[in-house]
Amino acid sequence: MTALLPSRTGARVERLPLARFTTLGVGGEAEVWFVETHAQLAEAMEVPYRILGGGSNLVVADEGVPERVVRLSGPFAERDLSPDPLLSTPEQLVTGWVGGGVPLPGLIRTLQKLGLSNLEGTVGIPAQVGGAVWMNAGTRYGEMFDGLHTLEIVTPQGARQVTPDDLGWGYRQSGIPRGHIVTRVRLKLRPSTPEAVLEKMSAADQARKGQPKMKTPGCAFKNPGGVSAGRLIDEAGLKGTRIGQAMIAPEHANFIVNLGGASAADVHGLLALIRERVGVPLELEYELWPGEAEGHGA
Ligand SMILES: Cc1cc2nc3c(=O)[nH]c(=O)nc-3n(C[C@H](O)[C@H](O)[C@H](O)COP(=O)(O)OP(=O)(O)OC[C@H]3O[C@@H](n4cnc5c(N)ncnc54)[C@H](O)[C@@H]3O)c2cc1C
């Protein structure tokens, strides 16, 4: 294996197992770039790269990935929730910058305590802000684009600021091309009360009650033609099926969980078994790494 070259711009660069950064807890090694400045990000993007968020929608191969893996750190993982006096009105508070690397669950809890509404429908999504924006993550109670005012997006060509109106966003997609990095956003929020926000969060929370609490990348398959994928897998008698240390969750058949020490190969084995037994085409909900490289240097 070749030695790691130090970054010219001072980014921390380490070869690390990606299992450490995914909610499923599987994934081999890659060169991880912890970027804290735009200069470090620009350097990281000089060769093929991938951007890693909360790792909550990923199954990373046991061999890892050959590209650089960018991790937003430092100021890109900090948040300024103070109202921008020039952009805020009594009806709508516009915040300072919230980094793409900020964990979404903590942000949602803080907004509830501050009595600020618009994003509470995303409660329980274990993403980072940037990853959640890129996918327009959400539930039937609300989604990320309900609370976005401005986005900063970085490509190998540089940084630009856009508003949601500039993007072709929709159901679970932002319209932001793969490999374009959401570095930070300003939120637009509606002043409310902590109690009212909490009440709305409870409904979204309640809907998650049947989900497994173990290591998982969330739902495995999209619902084909409006039919519940979980029900189809359950009807195929697959709940509780194990390959190695990966298991189809007994609580909810559309979740694959890591019992401890599962490999990506175990998970792929279960995905193939489900597809074979269910007998209707099933589209994956999560992303497999490596697929295509996410971006290329200039
Ligand atoms: C228990 C559980 C429950 C879940 N519930 C829901 C739910 O209710 N609704 C829902 O929509 N999803 C849900 N998910 C799936 C997942 O949380 C979302 O898809 C989320 O948007 C993934 O964000 P992430 O930061 O973890 O991204 P990652 O998994 O790290 O990456 C996913 C994709 O986003 C890209 N990406 C990451 N960060 C950035 C960035 N800063 N800029 C640009 N692209 C980026 C990555 O390159 C990759 O292509 C759930 C997952 C789990 C494990």
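Only the coordinates and a few stated rules stand behind these numbers; no lab work does. Please read these numbers as outputs of a predicted model, since none were measured by experiment. Methodologically, a virtual Cβ is constructed for each residue, glycine included, from the backbone with ideal geometry; neighbour enumeration extends over all protein chains shown.
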Seminar exercise, completed: Dipole check, the chain, charges on Cβ (K,R +1; D,E -1), about Cα centroid: among Cys219, Val133, Gly168 the Cα furthest to the positive pole belongs to Cys219
For this session: Please work out whether the stretch 224-289 counts as rounded, prolate or oblate from its C-alpha gyration tensor, where a ≥ b ≥ c are the square roots of the eigenvalues and a/c under 1.5 means rounded, while otherwise a/b larger than b/c means prolate and anything else oblate?
Result: prolate
For this session: Considering Cα pairs under 8 angstrom that are at least six residues apart, work out the relative contact order of the chain and quote it in whole percent.
Result: 20
Exercise. In nm, to one decimal, how far is the Arg15 label point from the Ala265 one, both placed 7 Å along Cα→Cβ?
Worked result: 2.0
Problem set entry | Karplus 3J(HN,Hα) series, Hz, for the stretch 6-20 with 6.51 cos²θ - 1.76 cosθ + 1.60 (x for Gly, Pro) | x, 6, 5, 9, x, 5, 6, 10, 9, 8, 9, x, 6, 3, 5
Exercise. Reachable lysines from Lys209, Cα under 28 Å, same-chain residues fewer than 8 places away excluded?
Worked result: Lys113, Lys200, Lys222, Lys239
Problem set entry | Cα shape, the chain, gyration tensor, a/c 1.5 rule | oblate
Exercise. Can you list residues whose amide H is under 5 Å from Val32's amide H, if they're 5+ apart or on another chain and H is modeled 1.01 Å from N?
Worked result: Glu14, Arg15, Leu16, Val69
Exercise. Residue separation times 0.36 nm, minus the C-alpha to C-alpha distance between Ala39 and Ala272: what's the value?
Worked result: 79.6 nm
Exercise. Under 13 Å from the 7 Å Cα→Cβ point of Ala196, by amide nitrogen: which residues of the stretch 81-102?
Worked result: 91-93
Exercise. How about the stretch 19-91: which GluC sites (Glu not before Pro) there lie in a loop by DSSP and see at most 10 other Cβ atoms within 10 Å?
Worked result: Glu91
Problem set entry | the stretch 1-148: mean projected area of Cα convex hull, nm² | 9.9
Exercise. How big is the antiparallel share of DSSP beta bridges in the chain, given as a percent to the nearest 5?
Worked result: 75
For this session: List every residue whose amide H lies under 5 Å from the amide H of Glu285, counting only residues 5 or more places away in sequence or on a different chain, with H placed 1.01 Å from N in the peptide plane.
Result: Phe221, Lys222
For this session: Set the Förster distance to 22 Å, then compute FRET efficiency between Asp84 and Arg160 from the Cβ-Cβ distance, nearest 0.05.
Result: 0.70
Exercise. Want the number for Ala207 to Glu63: 0.36 nm per residue separation, take away the alpha-carbon distance, what's left?
Worked result: 48.3 nm
